Amino acid sequence: MYQQKESGWLFGDQTDLDYFNELCGLFGSNGTKTCFAELESDFDERHRRNSTPPHRLAHKPSKRDFEINDNRFLSYGNNHRFNSLPGEITREKYIRINTTNLLPDKAAKMIKDAFNL
């Protein structure tokens, strides 16, 4: 079984795609409907958010060493794709939201409305 990384889904990485499909299969085999919300923002905004740790520190121990965290983020950003390509995710219940200029509650409402939650 795949071991989850803290970086999230690295698009273009076959191991991550296999894990995603494995999860979908597990839930789908039980008749569970899944919804997919892909949140994106531009690189500079992601970097800014990654560098403002108070909330993140409370929930993600890996963010607590700022220098290591920042180097990891920049390395991932140079070597991996954090968002899907158009048409790459073909799930029935899928929405992609650019959160660069959105407050979290607005993005949450968009997800809620899109999936009638």
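The values are calculated or read from the model by the stated rules, or taken from the named source; none is laboratory data. Note that the structure is a prediction, hence the values are computed from the model and not measured. Glycine also receives a Cβ, built like all others from the backbone with ideal geometry; neighbour counts cover every protein chain displayed.
Condition check ((1) in contact with a Phe, Trp or Tyr (Cβ under 9 Å, 6 or more places away or on another chain); (2) closer than 16 Å to Leu10 by Cα; (3) at pLDDT below 85) across all residues:
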| site | (1), (2), (3) |
| --- | --- |
| Asn79 | no, yes, yes |
| Asn83 | yes, yes, no |
| Ile89 | yes, yes, no |
| Leu103 | no, no, no |
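Filter region 66-88 down to the residues that are touching a residue at least 24 places away in the same chain (Cβ under 8 Å) and more than 28 Å from Thr52 (Cβ to Cβ), then identify the one that is surrounded by the most Cβ atoms within 10 Å (Cβ to Cβ).
Per the stated criteria, the residue is Glu88.
In region 27-43, which residue that is within 13 Å of Ile111 (Cα to Cα) and part of a loop (DSSP other than H, G, I, E, B) is modelled with the highest pLDDT?
Within region 27-43, the match that is modelled with the highest pLDDT is Cys35.
Spot the failing condition for Leu23; the list is (1) surrounded by 14 or more Cβ atoms within 10 Å (Cβ to Cβ); (2) modelled with pLDDT of 85 or more; (3) under 20 Å from Glu88 (Cα atoms), and only one is missed.
With (1) surrounded by 14 or more Cβ atoms within 10 Å (Cβ to Cβ); (2) modelled with pLDDT of 85 or more; (3) under 20 Å from Glu88 (Cα atoms) applied to Leu23, the lone miss is (1).
Do you know which of the residues in region 91-117 that are under 20 Å from Cys24 (Cα atoms) and of a type in the set (A, V, I, L, M, F, W, C) is surrounded by the fewest Cβ atoms within 10 Å (Cβ to Cβ)?
Checking each candidate, the answer is Leu117.
Being of a type in the set (D, E, K, R), part of a helix (DSSP H, G or I) and at pLDDT below 75 narrows it down to one of Arg46, Arg56, Arg72, so name that one.
Just one listed residue meets the conditions, Arg56.
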